[in-house]
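The values are calculated or read from the model by the stated rules, or taken from the named source; none is laboratory data. These numbers were taken from a predicted model, which means no experiment stands behind them. Positions of Cβ are generated from backbone atoms using ideal geometry, with glycine treated the same way; all protein chains shown enter the neighbour counts.
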Amino acid sequence: MSSFKVQYTVDGEDFSIAGDASRKLKKVLQNLGVAPQIIRKATVAMYEGEINMVIHADGGVIDVEITPEKIHIFLRDKGPGIPNVSLAMTEGYSTASDNVRELGFGAGMGLPNMQKYTDYMNITTEVGVGTTIEMIVNTAV
Amino acid sequence: MKLKTVVGLLDAKVLGSSYDDNKEVLAACGSDLMSDVLAFVKDQALLLTGLVNSQVVRTAEMMDMKAIVFVRGKVPGDDIVSLADEAGIAVLSTQLPLYISCGKLYCEGLYK
Ligand SMILES: Nc1ncnc2c1ncn2[C@@H]1O[C@H](COP(=O)(O)OP(=O)(O)OP(=O)(O)O)[C@@H](O)[C@H]1O
Ligand SMILES: [Mg+2]
């Protein structure tokens, strides 16, 4: 398996299709023959990030590079940014509106889940400018 | 636990085409908050929820879950059922509330 790159645009307007990029990545990883537990870690982490882009940041772009050693994911948005990253990383912390909660999100578990399922995660964010989250899941077993 | 047993215990209705009497589930998770579900790692799991939207199916799909039970008489629309069909996830609907549904399955041995 050589290096493989995919890019997904995440629509910030349409919640009903949020998660579609992660679903597509799952298919790509399955076709590449990546182990199911690794696929689950990568796609769940990306799904949480993708949902965050829709509910907190008006959409964005996701770039994924798959090499024989790792799945490297970049989530980039031009949303409001995260004023306090360590607070946002706390389990249970959420600024989600009642509207979002009615849709089944806002437990404040997304970022902690992303941390839990990845081998590396780095958040770069600036209030009023946007957020970039880099995640790596190692594929070597 | 076989899905047939789940249907019997919850007096559930089967929707869509991915249901199979003999499909086996080994664990279950009951929640209306999808990130709680996404924190739950068990193989061949069943999701019970009172939430009805396409994210329920996407969440179950990301977690490789085998079946979804919509509780409190919630019946998902055709669009949601066909998403689940595409993902090979069985869809059930019961009149029972979440707590009772989980309790019944737990009492009959659906836990680690
Ligand atoms: N891309 C983003 N842009 C701006 N703010 C964000 C972004 N992602 C997360 N946040 C902020 O960090 C908080 C915590 O995010 P996290 O994903 O952990 O929880 P949540 O999205 O609120 O709920 P859950 O993920 O459990 O449904 C959010 O409520 C929001 O304030
Ligand atoms: Mg989130």
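Check A:Pro83 against each of (1) near ligand 1 (Cβ under 8 Å from one of its atoms); (2) modelled with pLDDT of 95 or more and name the one condition it does not meet.
All conditions pass for A:Pro83, except number (1).
For a quick check of your reading: which helices (runs of 4 or more DSSP H) sit entirely within segment A:1-117 and have at least 3 residues that are aromatic (Phe, Trp, Tyr)?
Working: elements: A:20-31, A:36-57, A:85-88, A:98-102, A:110-117.
Helices (runs of 4 or more DSSP H) meeting the threshold: none at all.
Checking the conditions here, which among B:Leu83, B:Leu92, B:Leu51, B:Leu96 is closer than 17 Å to B:Asp21 by Cα and surrounded by fewer than 24 Cβ atoms within 10 Å (Cβ to Cβ)?
Numbers: B:Leu83 fails: closer than 17 Å to B:Asp21 by Cα; B:Leu51 fails: closer than 17 Å to B:Asp21 by Cα; B:Leu96 fails: closer than 17 Å to B:Asp21 by Cα.
Selected residue: B:Leu92, the only one of B:Leu83, B:Leu92, B:Leu51, B:Leu96 that is closer than 17 Å to B:Asp21 by Cα and surrounded by fewer than 24 Cβ atoms within 10 Å (Cβ to Cβ).
Among the residues in segment A:69-90, are any more than 16 Å from ligand 2 (Cβ to nearest atom), more than 10 Å from chain B (Cβ to nearest Cβ) and among the hydrophobic types (A, V, I, L, M, F, W, C)?
yes
Among (1) over 12 Å from B:Ser35 (Cα atoms); (2) modelled with pLDDT of 95 or more; (3) within 16 Å of ligand 2 (Cβ to nearest atom), there is one condition A:Val64 misses while meeting the rest; what is its number?
Failing condition for A:Val64: (3).
Limited to segment B:21-68, what total is found for residues that are assigned to a helix (DSSP H, G or I), among the small types (Gly, Ala, Ser) and over 11 Å from the mean Cα position of the chain (by Cα)? Show your work before the answer.
In the first step, residues of segment B:21-68 are kept if they are assigned to a helix (DSSP H, G or I); the result is B:34-38, B:54-62.
Remaining after also requiring among the small types (Gly, Ala, Ser): B:35, B:54, B:60.
Right, trim to over 11 Å from the mean Cα position of the chain (by Cα) and you get B:35, B:54.
Within segment B:21-68, residues that are assigned to a helix (DSSP H, G or I), among the small types (Gly, Ala, Ser) and over 11 Å from the mean Cα position of the chain (by Cα) number 2.
Do you know which of the residues in segment A:91-123 that are among the acidic types (Asp, Glu) and away from ligand 2 (no atom under 14 Å from the Cβ) is nearest to the other protein chains (Cβ to nearest Cβ)?
So the first thing to find is which residues in segment A:91-123 are among the acidic types (Asp, Glu), and the list is A:91, A:98, A:102, A:119.
Filter again for away from ligand 2 (no atom under 14 Å from the Cβ), leaving A:98, A:102, A:119.
Values: A:Asp98: 13, A:Glu102: 8, A:Asp119: 16 Å.
The extreme case among them is A:Glu102.
All but one of (1) polar (S, T, N, Q); (2) away from ligand 1 (no atom under 11 Å from the Cβ); (3) more than 23 Å from A:Glu13 (Cα to Cα) hold for A:Gln115; which doesn't?
That leaves (2) as the condition not met.
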